[in-house]
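These notes are about the structure you will find just below.
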Amino acid sequence: MTRGRFVVGLTGGIGTGKSSVLAEFERLGAATISLDQLAREQARPGRDGWSAIVCAFGRGILDRSGRIDRRALGIVVFRDPAARRRLERATHPLILKEMTRLISRLTGLVVVDVPLLFEKGLERHFDVTVLVSCRVSTQARRVIRRDGMSAAEVRRRMSAQWPTARKKALADFTISNDGTLAQLRAGVKSLHAVLTLFYGGMTNGNADQLA
(Lines give C-alpha, C1' and ligand atoms only; values in the text may rest on other atoms or scores of the structure.)
Protein backbone atom coordinates (compact mmCIF):
# COMPACT_ATOMS: atom_id res chain seq x y z
CA MET A 1 0.00 0.00 0.00
CA THR A 2 1.24 3.47 -0.91
CA ARG A 3 0.82 5.87 1.99
CA GLY A 4 -2.57 7.53 1.76
CA ARG A 5 -3.94 5.11 -0.83
CA PHE A 6 -5.34 1.55 -0.72
CA VAL A 7 -5.91 0.07 -4.19
CA VAL A 8 -8.39 -2.74 -4.83
CA GLY A 9 -8.30 -4.79 -8.02
CA LEU A 10 -11.85 -5.80 -9.00
CA THR A 11 -12.30 -8.59 -11.54
CA GLY A 12 -14.67 -11.25 -12.82
CA GLY A 13 -15.82 -12.89 -16.01
CA ILE A 14 -17.95 -11.26 -18.68
CA GLY A 15 -21.52 -10.81 -17.45
CA THR A 16 -20.75 -11.31 -13.76
CA GLY A 17 -21.70 -7.74 -12.88
CA LYS A 18 -18.37 -5.99 -12.31
CA SER A 19 -19.75 -2.67 -13.51
CA SER A 20 -22.61 -2.86 -11.00
CA VAL A 21 -20.17 -3.62 -8.19
CA LEU A 22 -17.87 -0.78 -9.27
CA ALA A 23 -20.81 1.63 -9.35
CA GLU A 24 -21.81 0.57 -5.84
CA PHE A 25 -18.29 1.13 -4.52
CA GLU A 26 -18.39 4.60 -6.07
CA ARG A 27 -21.76 5.29 -4.45
CA LEU A 28 -20.24 4.34 -1.10
CA GLY A 29 -17.47 6.90 -1.54
CA ALA A 30 -14.57 4.97 -3.11
CA ALA A 31 -12.63 6.40 -6.03
CA THR A 32 -13.15 4.14 -9.05
CA ILE A 33 -11.45 3.40 -12.37
CA SER A 34 -12.72 1.15 -15.16
CA LEU A 35 -10.15 -0.30 -17.56
CA ASP A 36 -12.95 -0.98 -20.05
CA GLN A 37 -13.66 2.75 -20.04
CA LEU A 38 -9.97 3.55 -20.43
CA ALA A 39 -9.82 1.14 -23.38
CA ARG A 40 -12.77 2.89 -25.04
CA GLU A 41 -11.14 6.28 -24.51
CA GLN A 42 -7.83 5.04 -25.93
CA ALA A 43 -9.65 3.72 -29.01
CA ARG A 44 -11.09 7.11 -29.94
CA PRO A 45 -9.80 8.66 -33.18
CA GLY A 46 -6.61 10.60 -32.59
CA ARG A 47 -5.62 8.67 -29.46
CA ASP A 48 -2.57 6.40 -29.31
CA GLY A 49 -4.78 3.34 -28.82
CA TRP A 50 -6.70 4.08 -32.02
CA SER A 51 -3.44 4.33 -33.95
CA ALA A 52 -2.12 1.10 -32.43
CA ILE A 53 -5.30 -0.82 -33.30
CA VAL A 54 -5.36 0.46 -36.87
CA CYS A 55 -1.67 -0.40 -37.24
CA ALA A 56 -2.34 -3.93 -35.97
CA PHE A 57 -5.56 -4.66 -37.91
CA GLY A 58 -5.75 -2.20 -40.79
CA ARG A 59 -8.30 0.46 -41.65
CA GLY A 60 -10.86 -2.22 -42.47
CA ILE A 61 -11.66 -2.33 -38.76
CA LEU A 62 -13.02 1.26 -38.91
CA ASP A 63 -16.63 2.25 -39.44
CA ARG A 64 -17.71 4.95 -41.89
CA SER A 65 -17.00 7.72 -39.39
CA GLY A 66 -13.42 6.53 -38.83
CA ARG A 67 -14.08 5.06 -35.40
CA ILE A 68 -13.08 1.58 -34.29
CA ASP A 69 -15.97 -0.80 -34.96
CA ARG A 70 -15.83 -2.45 -31.52
CA ARG A 71 -18.33 -5.18 -32.34
CA ALA A 72 -16.49 -6.19 -35.53
CA LEU A 73 -13.14 -6.08 -33.75
CA GLY A 74 -14.54 -8.19 -30.93
CA ILE A 75 -15.73 -10.86 -33.34
CA VAL A 76 -12.26 -11.01 -34.93
CA VAL A 77 -10.23 -11.22 -31.73
CA PHE A 78 -12.47 -13.69 -29.90
CA ARG A 79 -12.44 -16.10 -32.83
CA ASP A 80 -8.65 -15.97 -33.27
CA PRO A 81 -6.36 -16.22 -30.23
CA ALA A 82 -3.44 -14.81 -32.27
CA ALA A 83 -5.52 -11.74 -33.16
CA ARG A 84 -6.50 -11.31 -29.52
CA ARG A 85 -2.86 -11.38 -28.47
CA ARG A 86 -2.07 -8.82 -31.18
CA LEU A 87 -4.75 -6.50 -29.82
CA GLU A 88 -3.47 -6.95 -26.25
CA ARG A 89 0.10 -6.14 -27.27
CA ALA A 90 -1.10 -3.01 -29.05
CA THR A 91 -3.36 -1.65 -26.32
CA HIS A 92 -2.58 -3.08 -22.88
CA PRO A 93 0.63 -1.09 -22.24
CA LEU A 94 -1.22 2.15 -23.02
CA ILE A 95 -4.16 1.24 -20.78
CA LEU A 96 -1.93 0.18 -17.87
CA LYS A 97 0.13 3.37 -18.19
CA GLU A 98 -3.03 5.46 -17.96
CA MET A 99 -4.30 3.37 -15.05
CA THR A 100 -1.06 3.95 -13.14
CA ARG A 101 -1.21 7.68 -13.85
CA LEU A 102 -4.79 7.95 -12.59
CA ILE A 103 -4.14 5.88 -9.46
CA SER A 104 -1.16 8.08 -8.58
CA ARG A 105 -3.48 11.11 -8.41
CA LEU A 106 -5.96 9.49 -5.99
CA THR A 107 -6.03 8.93 -2.26
CA GLY A 108 -8.06 6.77 0.11
CA LEU A 109 -9.86 3.65 -1.09
CA VAL A 110 -9.43 3.18 -4.86
CA VAL A 111 -11.25 0.39 -6.73
CA VAL A 112 -10.12 -0.53 -10.25
CA ASP A 113 -12.20 -2.77 -12.54
CA VAL A 114 -9.67 -5.04 -14.32
CA PRO A 115 -11.31 -7.74 -16.52
CA LEU A 116 -8.12 -9.82 -17.04
CA LEU A 117 -6.45 -9.13 -13.70
CA PHE A 118 -5.35 -12.71 -13.00
CA GLU A 119 -5.01 -13.82 -16.62
CA LYS A 120 -2.39 -11.10 -17.19
CA GLY A 121 -0.66 -11.38 -13.81
CA LEU A 122 -1.53 -7.85 -12.69
CA GLU A 123 -1.93 -8.62 -8.97
CA ARG A 124 1.23 -6.66 -8.14
CA HIS A 125 -0.58 -3.40 -8.93
CA PHE A 126 -3.11 -3.88 -6.12
CA ASP A 127 -3.18 -4.19 -2.35
CA VAL A 128 -6.06 -6.70 -2.44
CA THR A 129 -8.14 -8.37 -5.15
CA VAL A 130 -11.90 -8.88 -5.31
CA LEU A 131 -13.65 -11.37 -7.60
CA VAL A 132 -17.26 -10.96 -8.71
CA SER A 133 -18.72 -14.39 -9.42
CA CYS A 134 -21.98 -15.95 -10.56
CA ARG A 135 -23.20 -19.13 -12.23
CA VAL A 136 -22.09 -19.69 -15.82
CA SER A 137 -25.72 -19.88 -16.95
CA THR A 138 -26.36 -16.50 -15.36
CA GLN A 139 -23.31 -14.99 -17.10
CA ALA A 140 -24.43 -16.24 -20.50
CA ARG A 141 -28.01 -15.06 -20.05
CA ARG A 142 -26.91 -11.58 -19.02
CA VAL A 143 -24.50 -11.13 -21.94
CA ILE A 144 -27.02 -12.40 -24.51
CA ARG A 145 -29.65 -10.00 -23.13
CA ARG A 146 -27.23 -7.06 -22.82
CA ASP A 147 -25.23 -7.36 -26.05
CA GLY A 148 -27.50 -9.38 -28.34
CA MET A 149 -24.81 -11.99 -28.98
CA SER A 150 -25.46 -15.55 -30.01
CA ALA A 151 -24.90 -18.30 -27.44
CA ALA A 152 -21.89 -19.51 -29.46
CA GLU A 153 -20.29 -16.06 -29.44
CA VAL A 154 -20.83 -15.74 -25.70
CA ARG A 155 -19.17 -19.12 -25.12
CA ARG A 156 -16.16 -18.01 -27.17
CA ARG A 157 -15.77 -14.86 -25.09
CA MET A 158 -16.16 -16.70 -21.83
CA SER A 159 -13.58 -19.29 -22.88
CA ALA A 160 -11.02 -16.49 -23.36
CA GLN A 161 -11.14 -15.89 -19.59
CA TRP A 162 -10.12 -18.19 -16.77
CA PRO A 163 -12.84 -20.26 -15.06
CA THR A 164 -14.28 -18.69 -11.94
CA ALA A 165 -12.91 -21.46 -9.70
CA ARG A 166 -9.35 -20.73 -10.81
CA LYS A 167 -9.71 -17.01 -10.09
CA LYS A 168 -11.50 -17.62 -6.80
CA ALA A 169 -8.46 -19.53 -5.55
CA LEU A 170 -6.34 -16.40 -6.13
CA ALA A 171 -8.73 -13.63 -5.05
CA ASP A 172 -8.58 -12.15 -1.56
CA PHE A 173 -12.36 -11.61 -1.49
CA THR A 174 -15.30 -12.89 -3.54
CA ILE A 175 -18.70 -11.26 -4.07
CA SER A 176 -21.49 -13.52 -5.33
CA ASN A 177 -23.88 -11.96 -7.84
CA ASP A 178 -26.48 -14.65 -8.40
CA GLY A 179 -29.20 -12.89 -6.41
CA THR A 180 -31.04 -9.60 -6.56
CA LEU A 181 -29.58 -6.12 -6.93
CA ALA A 182 -30.44 -5.46 -3.30
CA GLN A 183 -28.45 -8.53 -2.25
CA LEU A 184 -25.50 -7.42 -4.38
CA ARG A 185 -25.57 -3.96 -2.83
CA ALA A 186 -25.64 -5.46 0.65
CA GLY A 187 -22.62 -7.62 -0.20
CA VAL A 188 -20.65 -4.67 -1.57
CA LYS A 189 -21.58 -2.56 1.46
CA SER A 190 -20.24 -5.24 3.82
CA LEU A 191 -17.03 -5.60 1.84
CA HIS A 192 -16.61 -1.84 1.63
CA ALA A 193 -16.77 -1.71 5.43
CA VAL A 194 -14.11 -4.41 5.72
CA LEU A 195 -11.80 -2.73 3.22
CA THR A 196 -12.27 0.65 4.87
CA LEU A 197 -11.39 -0.88 8.25
CA PHE A 198 -8.36 -2.60 6.76
CA TYR A 199 -7.23 0.59 5.02
CA GLY A 200 -7.71 2.56 8.21
CA GLY A 201 -5.65 0.03 10.12
CA MET A 202 -2.85 0.18 7.58
CA THR A 203 -2.68 3.97 7.65
CA ASN A 204 -2.72 4.00 11.46
CA GLY A 205 0.05 1.42 11.69
CA ASN A 206 -2.24 -1.35 12.95
CA ALA A 207 -1.83 -3.76 10.06
CA ASP A 208 -0.68 -6.59 12.35
CA GLN A 209 -3.97 -6.46 14.25
CA LEU A 210 -5.95 -6.85 11.03
CA ALA A 211 -3.89 -9.60 9.39
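The values are calculated or read from the model by the stated rules, or taken from the named source; none is laboratory data. The model shown is predicted, which means the values in this text are computed figures rather than measured ones. Here the Cβ positions follow ideal geometry from the backbone for every residue, glycine too, while neighbour counts run over all protein chains shown.
Go through (1) outside any helix (DSSP H, G or I); (2) modelled with pLDDT of 95 or more; (3) not aromatic (Phe, Trp, Tyr) and name the single condition residue 149 misses.
Result: residue 149 passes all but (2).
Look at the stretch 102-123 and say how many of its residues are surrounded by fewer than 17 Cβ atoms within 10 Å (Cβ to Cβ) and β-branched (Val, Ile, Thr).
Count: 1.
Quick one: residue 179 ticks every box in (1) in contact with a Ser or Thr (Cβ under 9 Å, 6 or more places away or on another chain); (2) assigned to a loop (DSSP other than H, G, I, E, B) bar one, so which box is it?
Condition not satisfied by residue 179: (1).
Going through the stretch 118-132 one residue at a time, which ones are of a type in the set (S, T, N, Q) and modelled with pLDDT under 95?
If the condition is that a residue be of a type in the set (S, T, N, Q) and modelled with pLDDT under 95, then no residue fits.
Give me the residue from the stretch 35-61 that is small (Gly, Ala, Ser) and surrounded by 14 or more Cβ atoms within 10 Å (Cβ to Cβ) and, out of that set, nearest to the chain's Cα centre (by Cα).
39
Scanning the stretch 127-171 for residues that are among the polar types (S, T, N, Q) and in contact with a Gly (Cβ under 7 Å, 6 or more places away or on another chain), which turns out farthest from residue 77 (Cα to Cα)?
Once the filter is applied, the top-ranked residue is 129.
Give the residues of the stretch 19-46 that are touching a Pro at 6+ places or on another chain (Cβ under 7 Å) and at pLDDT 95 or above, sorted by residue number.
The answer is 35, and nothing else.
Quick grid of which residues meet (1) touching a Ser or Thr at 6+ places or on another chain (Cβ under 8 Å); (2) of a type outside the set (Lys, Arg):
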site: 20; (1), (2): no, yes
site: 39; (1), (2): yes, yes
site: 52; (1), (2): yes, yes
site: 74; (1), (2): no, yes
site: 82; (1), (2): no, yes
site: 89; (1), (2): no, no
site: 93; (1), (2): no, yes
site: 98; (1), (2): no, yes
site: 112; (1), (2): yes, yes
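Any idea which of (1) in contact with a Lys or Arg (Cβ under 9 Å, 6 or more places away or on another chain); (2) among the polar types (S, T, N, Q); (3) in contact (Cβ under 8 Å) with a residue 24 or more places away in the chain is the one residue 104 doesn't satisfy?
The single condition residue 104 does not satisfy is (3).
Taking the conditions exactly as written (at pLDDT below 95, of a type in the set (Val, Ile, Thr) and closer than 30 Å to residue 186 by Cβ), does residue 75 satisfy them or not?
When the stated conditions are applied, residue 75 does not pass them.
Please count how many residues of the stretch 125-157 are more than 22 Å from residue 184 (Cα to Cα) and within 15 Å of the chain's Cα centre (by Cα). If you could, list the steps in order and put the result at the bottom.
The first filter runs over the stretch 125-157 and keeps only residues more than 22 Å from residue 184 (Cα to Cα), leaving 125-127, 148-157.
Those still in the list that are within 15 Å of the chain's Cα centre (by Cα) too: 125-126, 157.
Going through the stretch 125-157 one residue at a time, the tally reaches 3.
Return the total of residues in the stretch 155-176 being in contact (Cβ under 8 Å) with a residue 40 or more places away in the chain and either in contact with an Asp or Glu (Cβ under 6 Å, 6 or more places away or on another chain) or assigned to a helix (DSSP H, G or I) (or both).
Number of matching residues: 7.
Quick one: in the stretch 124-145, of everything that is surrounded by fewer than 17 Cβ atoms within 10 Å (Cβ to Cβ) and of a type in the set (S, T, N, Q), which residue is nearest to residue 159 (Cα to Cα)?
Filtering first and then ranking leaves 137.
Would you mind stating whether residue 164 is over 20 Å from residue 30 (Cα atoms), in contact with a Ser or Thr (Cβ under 6 Å, 6 or more places away or on another chain), surrounded by 14 or more Cβ atoms within 10 Å (Cβ to Cβ) and of a type in the set (Val, Ile, Thr)?
When the stated conditions are applied, residue 164 passes them.
Give the number of residues within the stretch 23-34 that are in contact with a strand residue (DSSP E or B) (Cβ under 7 Å, 6 or more places away or on another chain) and either surrounded by 23 or more Cβ atoms within 10 Å (Cβ to Cβ) or more than 22 Å from residue 157 (Cβ to Cβ) (or both).
The qualifying residues number 6.
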